[in-house]
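J.: Below is a structure I'd like to ask you about.
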Amino acid sequence: MTGTQVGICAQSTGRPAGGRGGRGAARAALIVLLAGVLALAAVPASAVAPPLSSPSIVAHFDLAAGQQPENIALLPDGSSVVTFSFARQVARIDRSGGVHVLATLPAPPPGATPPPLTMAPVVTGIARGDDGTLYVNYAAGSADLTGIWALRPGCAPERIAALPAGGFPNGLAFDARHGYLYATDSVPGTVWRVSVHGGAPAVWASAEPLSLVTLVGANGIKLRGGAVWVANTDRGTLLRIPVTSEGDAGPISTVASGLTGVDDFAFTGEGDTVLATLNVPNEVALVRADGTHTIVLTGDDGLQNPTAVAVRGGKVLVTSAAYFTGVDPNLLRAHLGD
């Protein structure tokens with residue numbers, strides 16, 4: 001991507017926002033579906049552990065308004081942007097924890113089939129382009145809304161790529177070198193690739209390691225070292241998919257396993273060590289390049305079903321959506337290093 005503005009501003013659809021009843025029913029459905037996993041994952045909490053220290057909550061969000069942060073991206077000024085899943089919103093969180101809603105994606109028309117998994121429309125993954133454009137995934141359930149949306153500075157949200165209405169677009173990553181977006185679909189276990197200019201997406205990777213077992217397959221996604229990395233929630237795995245010289249997906253390898261309820265992840269530095277959010281167990285794990293992992297944050301530190309993590313220098317930001325605890329969705333900050 002060259003950093004030039006992509007396309008033109010789109011007009012708002014003007015559709016009304018959805019009610020809170022659908023969000024409540026969706027949360028109830030998720031709790032029922034994951035009850036067995038919750039029982040298996042219940043473990044005693046522990047305090048913050050190296051290389052993290054000094055965790056604190058920097059922002060508390062409005063659960064009743066659907067402000068449950070699903071994903072996070074960093075901005076150059078030190079603030080961050082998050083997706084509020086059930087509110088269908090993208091919001092900037094300033095360094096003091098102030099919430100500034102940037103956009104609300106349109107609600108599906110009345111009577112539309114809801115998306116799988118949540119049974120209510122949700123905004124999921126987010127990535128930032130070099131020109132400041134924010135890209136987000138929207139699992140709407142309706143064919144005219146589901147897909148990848150662009151939020152360009154000063155413009156209304158615009159869908160740039162349609163994805164299957166029966167799927168669940170989830171994680172999103174930006175390839176600055178080649179101008180692509182990579183999006184996971186948690187239902188078929190697919191990684192889609194599409195140009196930042198929009199157009200028809202292509203199935204870039206689809207194989208058993210990406211597939212779901214009972215509920216959520218391919219989820220968080222990042223690019224690092226000539227490869228696409230993907231977390232599979234159901235399988236508790238972190239996967240690495242090399243990008244070939246032709247741009248295709250190479251053989252999938254498992255970097256780590258045993259990451260129960262893994263959602264999103266972020267690299268801690270120049271190497272392949274990552275911090276991964278374990279949503280259901282309510283933990284953040286440090287996953288080393290050799291595949292071993294230790295728990296470094298828990299509910300004792302303020303986590304409420306962590307969904308995403310971002311690293312900026314010596315600081316770590318973790319979003320918690322409180323999908324199952326139903327208490328205090330928030331943004332946590334911790335120090336990274338010795």
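J.: Are there any chymotrypsin sites (Phe, Trp or Tyr not before Pro) in region 154-211 that are in a DSSP loop and have at most 11 other Cβ atoms within 10 Å? List them by number.
T.: none
J.: Which whole-number percent is the relative contact order of the chain (Cα, under 8 Å, 6+ apart)?
T.: 17 percent
J.: When the helices in the chain are scored as -39500 (n - 2.57) per DSSP H run of 4 or longer and the sum is shared across all residues, what 222 nm value do you end up with, to the nearest 500 deg cm²/dmol?
T.: -2000 deg cm²/dmol
J.: Would you work out the relative contact order for region 142-199, in percent, from Cα pairs under 8 angstrom that are 6 or more residues apart?
T.: The value is 26 percent.
J.: Could you work out the relative contact order of region 91-148? I mean the mean sequence separation of Cα pairs under 8 Å and 6+ apart, divided by the number of residues, in percent.
T.: Averaging sequence separation for qualifying contacts and normalising by length gives 26 percent for region 91-148.
J.: Convert each backbone phi in region 241-252 into a coupling constant with the Karplus relation 6.51 cos²θ - 1.76 cosθ + 1.60 (shift: θ = phi - 60°), then list the ³J(HN,Hα) values in order as whole Hz, x for Gly and Pro.
T.: 10, x, 9, 6, 5, 8, x, 7, 7, x, x, 7
J.: Still on this structure: Let me make sure I get this right: for region 190-288, a, b and c are the square roots of the gyration tensor eigenvalues over alpha carbons, sorted descending. Under 1.5 in a/c it's rounded, otherwise prolate if a/b > b/c, else oblate. Which is it?
T.: Prolate, because a/c is 1.5 or more and a/b exceeds b/c.
J.: Another question, if that's okay. Give me the Kirkwood hydrodynamic radius of region 51-182 in Å, from all C-alpha pairs, to one decimal place?
T.: Mean inverse Cα-Cα distance, inverted, gives 15.3 Å.
J.: Give the range of the longest stretch in the chain that excludes all GluC sites (Glu not before Pro) found in loop regions by DSSP and having at most 10 other beta-carbon atoms within 10 Å.
T.: Answer from the scan: 1-245.
J.: Give the residue list of trypsin sites (Lys or Arg not before Pro) in region 58-129 that are DSSP loop and have at most 15 other beta-carbon atoms within 10 angstrom.
T.: Arg95
J.: What residues have an amide H closer than 5 Å to that of Glu283, excluding those fewer than 5 places away on the same chain, when H is modeled at 1.01 Å from N in the peptide plane?
T.: Leu278
J.: In terms of modelled amide H atoms, which long-range or inter-chain residues lie less than 5 Å from the amide H of Arg224?
T.: For Arg224, whose amide H was placed from the backbone, the distant partners under 5 Å are Trp229.
J.: Can I ask one more? What does DSSP give for the chain in terms of the percent of beta bridges that are antiparallel, rounded to the nearest 5?
T.: If I count the DSSP bridges inside the chain, around 100 percent turn out antiparallel.
J.: Show me the ranking of peptides 117-127, 48-58, 251-261 by mean Cβ neighbours inside 10 Å, starting with the highest.
T.: Put in order of decreasing packing, that is 117-127, 251-261, 48-58.
J.: Then there is this: Whole-Hz Karplus ³J(HN,Hα) for region 306-315, in order, using 6.51 cos²θ - 1.76 cosθ + 1.60 and θ = phi - 60°, x for Gly and Pro?
T.: Karplus-based 3J(HN,Hα) across region 306-315 equals x, 10, 8, 9, 9, 10, 10, x, x, 10 Hz.
J.: Hey, another quick one. In whole Hz, what ³J(HN,Hα) sequence does region 64-79 give by Karplus (6.51, -1.76, 1.60; θ = phi - 60°), x for Gly and Pro?
T.: Couplings: 4, 8, x, 7, 10, x, 9, 8, 9, 9, 9, 10, x, 7, x, 8 Hz.
J.: Using only Cα atoms, locate the centre of region 183-202 and the centre of region 265-291, then give the distance between them in Å, rounded to an integer.
T.: 24 Å
J.: Which label belongs to the value computed from this structure, given these candidates for Cα Rg over 2.2 N^0.38 Å: (i) 1.13; (ii) 0.90; (iii) 0.98?
T.: Structure-derived value, by its label: (ii).
Where a number appears in this text, it was derived from the coordinates with a stated rule and is not lab data. Since we're looking at a predicted model, the values are computed, not measured. Heads up, the Cβs are rebuilt from the backbone with ideal geometry, glycines too, and the neighbour counts pull from every protein chain shown.
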